[in-house]
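Everything on this sheet refers to the single structure shown next.
The values are calculated or read from the model by the stated rules, or taken from the named source; none is laboratory data. Since this is a predicted model, take the numbers as computed values, not measurements. Note that each Cβ is placed from the backbone with ideal geometry, even for glycine, and that neighbours are counted across all protein chains shown. Heads up: the accessible areas ignore ligands, DNA and RNA and are worked out on the full protein's heavy atoms, side chains in. Shrake-Rupley method; radii C 1.70, N 1.55, O 1.52, S 1.80 Å.
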Amino acid sequence: AETRVDQVAMALLKDMLPNIQSARQEFHAIFRNFLTEAQEGNPRSLKIVREALGRERDRINAHMEKVILTLEKISGNSAKRAATEEASAVRLNWIITAIAGVLGMFFAAIVTRHLVEPVRRLLRGTQAVEGGDLSINIEASSSDEIATLTESFNSMVAGLREKERIRHTFGQYVDPRIVSGL
């Protein structure tokens, strides 16, 4: 609707501009008559031509005023549309930022959980071994440094199980200092 209003205003401008041009040409013709009358020195004709010049000046000014008002209207409408578009863009930016923030937090939670869960399993395994449970075996779910640490932990627990089995089997016959070196 606003674009249609601007199109109507532009059509009015298109009609007004030739009127200004013709009024300007008429003004120049009357001004030339004024100069001619001024050279001849006829005061009555000079007065008539001067009045005609005044009317033409007023007519040009009236046309110019219409053009200026029409341009102001077009500019005002364009400024309003620009402000509306800017507000929409700002609103869209905030919505996109909020969505990106929520998605970022969601993916960060997933990645953090993926990274922290193997460490938690190792911690539970360590606490189990500390409590005397040597039957623990932690499954390595990745192929990174945490998996290497998990495999080392499992090897350590297997070694402790072996030493405990040896101590249990030969404990009464073997010096504990020798078993601790195994």
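Summary table
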item	result
Cβ pairs under 9 Å, 6+ apart, first in the stretch 158-173 and within 18 Å of Gly131 (Cβ to Cβ), second among the polar types (S, T, N, Q) and at pLDDT 85 or above	Ala158/Asn137; Arg161/Ser135
Answer residue from the stretch 72-92, given it is open to solvent by less than 90 Å² (accessible area, probe 1.4 Å) and in contact (Cβ under 8 Å) with a residue 40 or more places away in the chain and is nearest to the chain's Cα centre (by Cα) among those	Arg81
Filter pass, Ser142 being open to solvent by 50 Å² or more (accessible area, probe 1.4 Å) and out of contact with any helix residue (DSSP H, G or I) (no Cβ under 6 Å at 6 or more places or on another chain)	no
Count - residues of the stretch 17-71 that are among the charged types (D, E, K, R), in contact (Cβ under 8 Å) with a residue 24 or more places away in the chain and either open to solvent by less than 50 Å² (accessible area, probe 1.4 Å) or within 30 Å of Gln7 (Cβ to Cβ) (or both)	5
